[in-house]
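First comes the structure, then the notes that go with it.
The values are calculated or read from the model by the stated rules, or taken from the named source; none is laboratory data. The structure displayed is predicted, hence computed values, not measured ones. Here the Cβ positions follow ideal geometry from the backbone for every residue, glycine too, while neighbour counts run over all protein chains shown. The area values use the complete protein model at the heavy-atom level, side chains included, leaving out ligands, DNA and RNA. Shrake-Rupley method; radii C 1.70, N 1.55, O 1.52, S 1.80 Å.
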Amino acid sequence: MVTTHNLGFPRIGAQRELKFGLERYWKGESSRDELKALGKQLRARHWNDQRELDLAPVGDFAFYDQVLDMSFTLGNLPARVRGFHGDKLDNYFRVARGRSAQGAEERAACCGGVAAGEMTKWFDTNYHYIVPEFTAETTFNLDPSGFLEQLREAREQGVRAKPVIIGPITYLWLGKAKDGFGTLADKLALLPRLMPVYRALLDYFKVMDVEWVQIDEPVLVTELDPAWRDAFVSAYQGFEERGVKLLLTTYFGQLKENLELACSLPVDGLHIDAINARDEVALAAQRLPAHSVLSVGAINGRNIWKTDLNAALEWLAPLARQLGDRLWLAPSCSLLHVPVDLASEDKLDPEIRSWLAFALQKLDELRVLAVALNGGREKVAHELAANAAALAARRNSPRVNNPAVKAALARIDAKLGKRQHAYAERARKQAALLQLPAYPTTTIGSFPQTPEIRHARSQFRSGALDQAAYQDAMRKEIERSVREQEALGLDVLVHGEAERNDMVEYFGEQLDGYAFSRFGWVQSYGSRCVKPPVLFGDISRPRAMTLEWISYAQSLTNKPMKGMLTGPVTILNWSFVRDDQPRVVSCYQLALAIREEVLDLEKAGVQVVQIDEAALREGLPLRRAQWGEYLRWAVESFRIAANGVQDETQIHTHMCYSEFNDIIASIADMDADVITIETSRSDMELLEAFDNFNYPNEIGPGVYDIHSPNIPTQQHIVQLMQKAAERIPAQRLWVNPDCGLKTRQWAEVIPALSNMVAAAKTLRSQVQ
């Protein structure tokens, strides 16, 4: 009989209950006990949602991030928070965001905030994790209380629990060495200290009568040098004496040269992402020991299209006959990356809705596959027929294919991606036009999304506010943003994006080929949730998308006003993308649509246009050998979108929370006049890329960590910019936050930007 299980479930709740609970607690509006009770309630609900599985995950729930949870389980806390007293949860939030709840700092024997942990993308997803920190003095001390508490809850609910932990090699690989402790050998030298803690954790699971433990090692789908491969062998040999069974879990890609290694490790089962590595499933079935389980990730855990169940059964049936009870079925990866439940989407176009599956629907697809394999297809004949009909309707729908868009793609040539002249000539013309001081100041685009803004948007969507009243409300908010920026003394202004719900969804709503959910939220980090639009068909722009708002903002001031757009690669990577054509085709379609918007802004007199490509790096294939092709079309897409303008129009782009040192040459090839990047949480470490690469254009290293409530001091900003000036000439440096300000409050933004402007003035005095 085929066994069904799940690798992880969305933790935020179908109505984003966790998000709102966290934010109430951080504001001091609810108690710690109330937050913990909410977590327990959500876990119980999610286990109930997975009750038909043979094994359900335990430990996949986190109040902020599962990697941070693992750091606390392993006792690996940064030195800056070890002396804090009070509840462990408050210390957890200090690492996550620099601060816990309002009032918690006063209750503990400390004051003020601390530096938040560095945050970066989880492999090639839009989920962010808190980076583990290592030094030569790092030690590990097991704290299994979180796992044990959740195991007890699951047992009380009758759940057949499968604890989920991040494996030791992936944990070390994800972390960052600090204080000069930075070589590969340095991190691997910690393995002998780390393994006893992992073995002790497995001993606790044994005492709790756990049978199976899911141990996630997604780093196996990347290119590993011999030292990391050897570390796998030594680490897992250390697990040979254990009282629980280990399911080694890989996802997001192919194992390739690591397949033999994965099959030879002394574990009891191996999970393979069959969406990305289907050809490796048969190879693994041949190479695994005769007693080992093979878990097949047959349902896409990262996208929302229905699985072709009949096609899946065609290739799974022979495998089931070959393996028998050794075959397990699961989604390809944790369902953290998809929304919870399609059933609530009563306003979504019924035709498009029939093509989709969210987390709960994916679990039902898993059930159908298992029933068909265990008892015959006739037992689920109705479900299989309905699935086939929905897939056929999608394939044949005229809404998916637009001949005019395909004709426009055929006309793309190399000229579309080239500026008229090189940067040096453009920079001279732009300087003469804009007349900016040294160290010019700006922001990344958005300002606080106040309760008034959200209320007006909600009323407009419900019909309680008409178009004219809504536009008036948004214009008042735009004017407020402009006046605040003028009072602060910023040099290049933004309109604040009051009218935008999300930097991707806003544009998708105005492009043909997109559909939108009401409750399709997924977690990006902490309490930050995004609602990716559904890219289902060919993309075109029927009308201008931002021109009215930007033009109004520019009419309010004599200072330069940036036109704010999201770039084609980011729109692509932060959407649920159609799976019936190559991603490059969809990206070029988006590039042509954004190009039209850029040219309309320039025609209206907008002198500065920012095209955000925050997600460019996260689209990189996990294997370096595959980077070249992706970077080729990703960079070309940006250039198509941006480079139709005159020399005098200054093009900015923005990237956040991504390690891009290894793709700096491709970023330079984008040929943006100004690039703004995150450097505040990493203490300017990202600028090490410029030690060996002469970046030719202007750059704004973010000096204000907007994901923390902490307010940077003027002195701190000056120090960060001085570090930047050691690598980049001062005349090519900008001063700006590291990301947009929509998640912050005005009470935080005003003093932070005031310090930023004051720091810029100090820096100018040093170069005059």
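Okay, here's what the table says:
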quantity	calculated
Fully extended contour minus Cα-Cα distance, from A747 to A487, at 0.36 nm per residue	92.1 nm
Protection-proxy order for peptides 586-598, 74-86, 290-302, each taking the mean of Cβ atoms within 10 Å per residue, highest first	586-598, 290-302, 74-86
Sum of -39500 (n - 2.57) over DSSP H runs of 4+, divided by residues of the chain (222 nm, nearest 500)	-13000 deg cm²/dmol
Length-normalised contact order of the chain in % [C-alpha pairs under 8 Å, at least 6 apart]	13
Tail fraction, Cα-Cα pairs, the chain, threshold 42 Å, whole percent	29
Selection from A290, G253, P451 lying farthest towards where the dipole of the chain points positive, charges on Cβ	P451
The chain: angle of helix 32-49 to the longest principal axis, Cα-based, in degrees nearest 10	60
Set of lysines with alpha-carbon distance to K723 below 24 Å, sequence-local pairs under 8 removed	K176, K178, K761
The range 405-559: projected area of the alpha-carbon convex hull, averaged over directions, in nm²	12.8
Potential extension, R229-A392 segment - 0.36 nm per residue separation minus Cα distance	54.2 nm
FRET E, pair R45, K206, Förster distance 25 Å, beta-carbon r, rounded to 0.05	0.30
Förster-model FRET efficiency, 22 Å R0, A422 and R632, C-beta, rounded to 0.05	0.60
Ranked packing of 634-640, 233-239, most packed first, by mean Cβ within 10 Å	634-640, 233-239
Linear extension gain, Q581 paired with L142, 0.36 nm per residue minus alpha-carbon span	153.3 nm
Simple spin-label estimate for A544 and Q157 in nanometres, 7 Å along Cα-Cβ	5.2
Average accessible area per residue (Å²) across the range 634-678 - probe 1.4 Å, nucleic acids and ligands excluded	18
Within the accessible area of the range 349-401 (1.4 Å probe), percent carbon and sulfur	57
Between 0 and 90°, nearest 10: helix 381-396 axis offset from the chain longest Cα axis	30
Unit charges on C-beta of K, R, D, E only; dipole of the range 109-234, Debye	140
Net dipole in debye of the chain [+1 Lys, Arg Cβ; -1 Asp, Glu Cβ; about Cα centre; nearest 20]	640
Tilt relative to the chain, helix 359-375 - C-alpha long axis, 0 to 90 degrees, to 10	30
Dipole of the range 686-758, positive end: most advanced residue of P751, N736, V718 [Cβ charges, Cα centre]	P751
Percent antiparallel among DSSP beta bridges (both partners in the chain, rounded to 5)	15
Cross-link partners of K121 among aspartates and glutamates (Cα-Cα below 13 Å; sequence separation of 8 or more within a chain)	D65, E618, E659, E678
Over 20 Å (Cα to Cα) - which of K531/K742; K88/K531; K306/K406 fall in this group	K88/K531; K306/K406
The range 341-461 - charge dipole about Cα centre, Lys and Arg +1 at Cβ, Asp and Glu -1, debye rounded to 20	800
Aspartates and glutamates whose Cα lies under 16 Å from that of K476, excluding same-chain neighbours fewer than 8 positions away	E452, D466, E484, E486, E497, E499, E548
The range 600-610 - phi-based ³J(HN,Hα) in whole Hz, Karplus 6.51/-1.76/1.60, Gly and Pro as x	5, 5, 4, 4, 7, x, 6, 8, 10, 10, 9
DSSP beta bridge pairing in the range 451-593, given as percent antiparallel to the nearest 5	65
Mean-position separation - Cα centroids, the range 1-63 and the range 375-399, in angstrom	32
Relative contact order for the range 513-601, counting Cα pairs under 8 Å that sit 6 or more residues apart, in percent	31
In the range 241-343, the GluC sites (Glu not before Pro) that fall in loop regions by DSSP, at most 12 other Cβ within 10 Å	E241
Mean accessible surface per residue for the range 465-589, computed with a 1.4 Å probe while every protein chain stays in place, in Å²	31
Net charge contributed by nearby residues that have their C-beta within less than 14 Å of I412 (K/R +1, D/E -1)	+4
